[in-house]
Amino acid sequence: MTEQGTVLAGVGVGRGAVCGPVAKVRPAPVVPSDEPVPADPAAAKAEVEEAFSGVAAGLRDQAGRSSGTVAEVLSATAQMAEDRALRKQVLTKIDKGEPPLHALNAVVANFAAMFTAAGGYLAERVTDLHSVRDRVVATLLGVEPPGVPELREPSVIVAKDLAPADTAALDLDLTLAIVTELGGPTSHTAIIAGQLGIPCVVRVAGAEDLEAGQDVAVDAAAGTVLVGPGDDVREAFAARAAAAAALAEDVAPGGTADGHTVQLLANIGTLEDAQRAAATPAEGVGLFRTEVLYLERATAPTKAEQADVYSGVLRALEGRKVVVRTIDAGADKPLAFVTQPDEENPALGVRAYRLQRTAPELLETQLDALAEAQARTGIKPWVMAPMISTVSEAAEFTAMARARGLETVGVMVEVPSVALRARMVLEEVDFVSIGTNDLAQYTMATDRLRGELADLLDPFQPAVLELVAATARAGKELGKPVGVCGESASDPVMALVLTGLGVTSLSMSTGALPAVRFAIRQHTLAQCEAIAEAALAARGAIDGRAAAVELMTATAREGLGL
Ligand code: PEP
Ligand code: MG
């Protein structure tokens, strides 16, 4: 039990701050290697039967008390636990003298291999199958079931790490904050949490020692988790929430005090995100991470499935700009059906646009689906490719998109080579969008998942800013839009620097929009330019940010609590 008053430090994502009880995500139980053969096979079989039935009943019960995706996931898993064939094979193995947990593991491995080979719907059920196995093992070992716990009150989710799929299974209505021992600030779980407006602190040493039910105060802006907060902390958090709500009252389009416009857009990953964004003053979507549609699947979504989702997104945001980013799989977003498992440096390997070399049908189907959505809705999306490295890749992508009637085509600037050749790249496309998460990773040669190197990944690193500046300059020269859609756009101080460098749009989680809008509105373009110059002139990231803050207006600093 972590002592009252202990402050655990990590890396915060977002600016939110909340207090609540801990709910722990439990790891999968480990099957002991020396499991004995049961002395009484009949009794062992009865126990296994009972464990399966108990797991199924528990899941049904939980599904009945949930709604939406969570209920669907739980019902599908319950159905798997009720499957007669699965149980029968385990019982047969026990009859043949195998220890029960080993028998269960072997049967599940066999089923999983069959499901994966069958592809489609069955392959998608492998996760459920593993979930049933882990729950039955936990029951037989007499330990708590693994995974995201069922929430009965608003709670702070604490985990060693969360896969994007775990995050998707969270009951958002009851999730106050997410705290993880591992992960990095630009890892995808952190990004999804940010997108959902859930305060998140990653790389919190000691998070795993927190106990379920312990009260904690999570401050994403400070990157801290305080155990046992007093009334003073609760009051301070309430005051911050009130100040944030006041900022959210300004719903005007983004722009400086002297009328220079900076489009403020939302980052989304799903149709539900699009619907949520549509209810905010976001001027559109600057980054639709379409690979979210492909995650946790054994086969790619079909053209028709994709066209349905893209049409839904376009309709939800009708009248606003929507930038669709083509599939960005690989590295931290591995896909069972395309990623090469033997890559030693996946972030430098066959990922994102480079999948054109090994699985060109993926991008072709996706662009066809997007063209179909355009035809169905009569709404024209913007489209861009991730991880472009050369001018010829940019030209090739533009030709593919245009051949399908997609008119506004761009690429992401995430690899330093493209920032250095920004002018030539921009000659091939209609716009670019800078992905500062990857641009920082590749410029600083620092894995974005390694939270302990977060200082090197800081987008205030002057070398990263130089590349942003070079790209923005090229955009100005050619009169083409240059956006930023990496997490850095959601930092109000960085937003001023980016505006000063000539970036024309900023895309972020919708929760970050009010503070960014407010910061920009408090400064003239000339002030933003001076702030950018100061950040660029600094010797390092910390100095650069401090210099930028120093030049901000007093009203902005006060309003943002800086
Ligand atoms: C980025 O790299 O900054 C970006 C926006 O793309 P992603 O985070 O999805 O890699
Ligand atoms: Mg990226």
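The set of residues from the range 412-442 being of a type in the set (A, V, I, L, M) and away from ligand 1 (no atom under 15 Å from the Cβ) comprises L420, A422, M424, V425, L426, V429. When you scan the range 493-544, how many residues do you find that are open to solvent by less than 10 Å² (accessible area, probe 1.4 Å), farther than 24 Å from A274 by Cα and of a type in the set (V, I, T)? Going through the range 493-544 one residue at a time, the tally reaches 5. Of all residues in the range 398-411, exactly one satisfies the criterion of being within 16 Å of ligand 1 (Cβ to nearest atom) and either touching a helix residue (DSSP H, G or I) at 6+ places or on another chain (Cβ under 8 Å) or closer than 11 Å to L367 by Cα (or both), namely V411.
Can you say whether L420 is open to solvent by 30 Å² or more (accessible area, probe 1.4 Å) and either within 21 Å of G479 (Cα to Cα) or within 13 Å of ligand 2 (Cβ to nearest atom) (or both), as far as the supplied structure shows?
Details: open to solvent by 30 Å² or more (accessible area, probe 1.4 Å): yes; either within 21 Å of G479 (Cα to Cα) or within 13 Å of ligand 2 (Cβ to nearest atom) (or both): yes.
So L420 fits the description; yes.
If you go through the range 301-351 and pick out every residue that is open to solvent by less than 60 Å² (accessible area, probe 1.4 Å) and more than 20 Å from L367 (Cβ to Cβ), you end up with 8.
Within the range 289-300, restricting attention to residues that are assigned to a loop (DSSP other than H, G, I, E, B) and within 16 Å of ligand 2 (Cβ to nearest atom), the residue that is most open to solvent (accessible area, probe 1.4 Å) is L295.
Restricted to the range 429-504, the set of helices (runs of 4 or more DSSP H) holding at least 1 residues that are within 16 Å of ligand 2 (Cβ to nearest atom) and of a type in the set (A, V, I, L, M) comprises 436-443, 454-457, 462-478. As for the range 380-396, it holds at least one residue that is assigned to a helix (DSSP H, G or I), under 23 Å from V425 (Cα atoms), within 16 Å of ligand 2 (Cβ to nearest atom) and open to solvent by 10 Å² or more (accessible area, probe 1.4 Å).
The values are calculated or read from the model by the stated rules, or taken from the named source; none is laboratory data. Values in this document were obtained by computation on a predicted structure and should not be read as measured data. FYI the Cβ positions are ideal-geometry reconstructions off the backbone, even for glycines, and counts take in every protein chain you see. Each accessible area value is taken on the protein alone, full model and side chains, heavy atoms only, with ligands, DNA and RNA left out. Shrake-Rupley method; radii C 1.70, N 1.55, O 1.52, S 1.80 Å.
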